[in-house]
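Following: one structure in structure tokens, then a few remarks.
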Amino acid sequence: MSGCKKILEHISEKFHCKVWVCKKVGRRISFINDLKAGIEKFEPPQVICEDDRYVVLAQIEKPSSEMVELCWKVIDCVRRCFEENPEPSGKS
């Protein structure tokens, strides 16, 4: 996931915001460990992009189209990482 983390760090540096990735779990979302970058701001988080499994959130007033495009790259990266290394199901 280090490639995904690097994209997040690039986004946070370029757009001066905090950005992170969550996984959808039913009607809720769950933070994915180590997939965050940037410094906490006093702005409410907003959904930058999402698909059927993942959400990228950021604390930014108005995301640019370039930021949205980069966030989609993060989702693609996370999907590839989880497909290559599926999470354990807890069943033996």
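The values are calculated or read from the model by the stated rules, or taken from the named source; none is laboratory data. Quantities reported herein were computed from a predicted structural model and do not represent experimental measurements. Please note: Cβ atoms are built from the backbone with ideal geometry, for glycine as well, and neighbour counts cover all protein chains shown. What goes into the accessible areas is simple: the full protein's heavy atoms, side chains included, and nothing from ligands, DNA or RNA. Shrake-Rupley method; radii C 1.70, N 1.55, O 1.52, S 1.80 Å.
Total residues in region 52-67 satisfying the condition of being within 15 Å of the chain's Cα centre (by Cα), under 16 Å from Gly38 (Cβ atoms) and assigned to a loop (DSSP other than H, G, I, E, B): the figure is 2.
If the condition is being without any contact (Cβ under 8 Å) to a residue 60 or more places away in the chain, open to solvent by 40 Å² or more (accessible area, probe 1.4 Å), of a type outside the set (Phe, Trp, Tyr) and in a loop (DSSP other than H, G, I, E, B), then region 1-50 contributes His16, Gly26, Arg27, Gly38, Ile39, Glu40, Lys41, Glu43, Pro44, Pro45.
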